[in-house]
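One structure below.
The values are calculated or read from the model by the stated rules, or taken from the named source; none is laboratory data. What you see is a predicted model, and the numbers here were worked out from it, not measured in a lab. Cβ atoms come from the backbone with ideal geometry, glycine included; neighbour counts cover every protein chain shown. Ligands, DNA and RNA are stripped out before the accessible areas are found, and what is left, the full protein with its side chains, is counted by its heavy atoms. Shrake-Rupley method; radii C 1.70, N 1.55, O 1.52, S 1.80 Å.
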Amino acid sequence: MSDTNLGAATIRTKPVNPVGGENAPALTITLPLLGFDNIPSACPDDDVRLGKRIDPYYADIWPVGAKASWVDAASARSQVAAGIGRLPAYLVADEETAAMKVTDVSRLPAHLNVLSVLDSWRSATGEQLAAFTGLPHLATGKSKTMTDLFTTELVDVGIFSNVLFTTRNTARGALYRLNAGGGFEKHVAPILTYAEWLSTTAGLKNTIGGGHHDRHNVITMELALRIAELCDVGTVVGEKLSSADLHGYSGLGLPASGAAYNRAADMTVIRNDGARIAIEVTASGGRALEMKVKHWAQLIASRRMDESGLTVVFVLIDPDRKDNAGGNRIRNNLFKLVRKTVGEMPGVSFDRVASRMGVADWREWFPEPGVVSPSFFELDCERPTGPPEALWERASFLSEDDVPFAPDGDWATAVLDNMSMLRSVPHWLKEGRTAPDLHRVQLAAAGLSKIPVPSISRPELTPGTREFGKAFGFVADTKPPKRMRLDR
């Protein structure tokens, strides 16, 4: 291992095992490493901030591949009836009572917050849900909110399965995902106001679902939280709002894309200037990875930076959490694919594809459990824009100097206000934003300028000419119902 002094920081390079003739650059770790407990976090909930949550990358919680053990309420009831299982006490609830609680107006916002996060991010631990939503009781793994959602078959519950006996902290590792039975569309969506439905679904009817890559999903969720906590960003959104169509077609006011562009990144970081960083988290190679790289390169080549603000970063998560030959093969293959693809689709001379595609390694941002490298704060990556003898060079994708973006108008930053109404983004990133006034949007769509009020049947009995609902004395103007306004 070699150290190079660069003023305030030190770069420590660890050679990567050579595989084939075209290797990735050496694993580069920027010093000094900072302990999670010694850096400020934007997450206001101390119990679920960075360092308090289970580390899904370094903690050895995936004993059987990358999948958790899941159960839904219907299967649980069948197994209990057959005498081959027993529900934990905290998951036992009366079905009819749970159904009433889920749609109860006083409890509805909490339930919608959970459903929205899972809809956009696939699956999450209770701790991650608590951090995202600002509902700290979700972190316990025994929340009545989750019990009601489980009992009504809206959410499935999972665990990191192994033969160890449970402890009092085991429940904090509970996993959750949306149930695949369509319960939200059948039982919840029909009773929502337009504002509630839009803030929960983002106006998209497609449901992402939990999928079968639990480790990948939970690590993606953790990465999103760490970016939201430690980096100066506008917001972060999940897979549901990271489709190629939104990044390069309908999201730019163009006709919707065809089937060839229906893929989505795992998440998107939106900078304060509105630039988008689509992030693909990958732990494997092969044909699927090759198609991902080509797909994003094609889209980047077809849309100028100032027109779309789109960049892409591939984040490698070593499948075994250590520097082994298998992980190095995947790393080398990823760098080789990106290099080869940008050579085939270079883009125009003033807007190279290579300058908008980066590769990062989890081990460079978080070299050890409980620490972060300074390179994470600006999302430092390698991109294939260096001189021929080096090819790869470091760039900070959150930096407006390294990745400039000069859009025409304010369309790029307007999305940050729009996103602030969504329940699926970390709650502290909504602060200071002006969400759209949705009830006025509905009125305009109906050709109205204000909420219609029936005429007074006997005006002679109403003194004065004050307009109905207007301020009077110490009383302010009457507002639309709270459920139409999404007051936070």
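Conditions (1) at pLDDT below 95; (2) open to solvent by less than 40 Å² (accessible area, probe 1.4 Å); (3) over 21 Å from Ala66 (Cβ atoms); (4) among the β-branched types (Val, Ile, Thr), marked per residue:
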| position | (1), (2), (3), (4) |
| --- | --- |
| Gly141 | yes, yes, no, no |
| Asp148 | no, yes, yes, no |
| Phe160 | yes, yes, no, no |
| Ala174 | yes, yes, no, no |
| Gly182 | yes, yes, yes, no |
| Leu204 | yes, no, yes, no |
| Gly210 | yes, yes, no, no |
| Asp214 | yes, yes, no, no |
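Can you name every residue in the stretch 388-431 that is open to solvent by 60 Å² or more (accessible area, probe 1.4 Å) and either among the hydroxyl-bearing types (Ser, Thr, Tyr) or not in a helix (DSSP H, G or I) (or both)? Pro388, Glu389, Glu393, Arg394, Glu400, Asp401, Pro404, Ala406, Asp408, Asp410, Glu431, listed by residue number.
Restricting attention to the stretch 463-473, does a residue exist that is open to solvent by 70 Å² or more (accessible area, probe 1.4 Å), over 16 Å from Leu198 (Cβ atoms) and of a type in the set (Val, Ile, Thr)? Yes, the stretch 463-473 contains at least one residue that is open to solvent by 70 Å² or more (accessible area, probe 1.4 Å), over 16 Å from Leu198 (Cβ atoms) and of a type in the set (Val, Ile, Thr).
Taking the options Arg271, Arg263, name whichever one is of a type in the set (Lys, Arg), open to solvent by 10 Å² or more (accessible area, probe 1.4 Å), within 18 Å of Arg356 (Cβ to Cβ) and within 17 Å of the chain's Cα centre (by Cα). Going through Arg271, Arg263 in turn, just one is of a type in the set (Lys, Arg), open to solvent by 10 Å² or more (accessible area, probe 1.4 Å), within 18 Å of Arg356 (Cβ to Cβ) and within 17 Å of the chain's Cα centre (by Cα): Arg263.
Only a single item in (1) in a helix (DSSP H, G or I); (2) open to solvent by 10 Å² or more (accessible area, probe 1.4 Å) is not met by Ala228, and it is number (2).
Please state which one of Ala68, Ala89 is surrounded by 13 or more Cβ atoms within 10 Å (Cβ to Cβ), more than 30 Å from Phe377 (Cβ to Cβ) and modelled with pLDDT under 95.
Working: Ala89 fails: surrounded by 13 or more Cβ atoms within 10 Å (Cβ to Cβ).
Sole residue among the options that is surrounded by 13 or more Cβ atoms within 10 Å (Cβ to Cβ), more than 30 Å from Phe377 (Cβ to Cβ) and modelled with pLDDT under 95: Ala68.
Considering (1) at pLDDT below 95; (2) charged (D, E, K, R); (3) open to solvent by less than 90 Å² (accessible area, probe 1.4 Å), say which one Asp380 fails and leave the rest. Asp380 satisfies every listed condition except (1).
Step by step: first the residues of the stretch 26-39, then only those that are under 27 Å from Gly358 (Cα atoms) and open to solvent by 30 Å² or more (accessible area, probe 1.4 Å), then the one that is modelled with the lowest pLDDT. Which residue is that?
Kept after step one, since they are under 27 Å from Gly358 (Cα atoms), are these residues of the stretch 26-39: 26-36, 39.
If we keep only those that are open to solvent by 30 Å² or more (accessible area, probe 1.4 Å) too, we end up with 26, 31-34.
Working: Ala26: 85, Leu31: 89, Pro32: 94, Leu33: 95, Leu34: 96.
Filtering first and then ranking leaves Ala26.
Scanning the stretch 394-449 for residues that are touching a residue at least 12 places away in the same chain (Cβ under 8 Å), among the polar types (S, T, N, Q) and farther than 25 Å from Thr200 by Cβ returns Ser396, Ser399.
Could you tell me whether the stretch 260-269 includes any residue that is closer than 30 Å to Ser302 by Cβ, in contact with a Gly (Cβ under 6 Å, 6 or more places away or on another chain) and at pLDDT 95 or above? Looking through the stretch 260-269, at least one residue is closer than 30 Å to Ser302 by Cβ, in contact with a Gly (Cβ under 6 Å, 6 or more places away or on another chain) and at pLDDT 95 or above.
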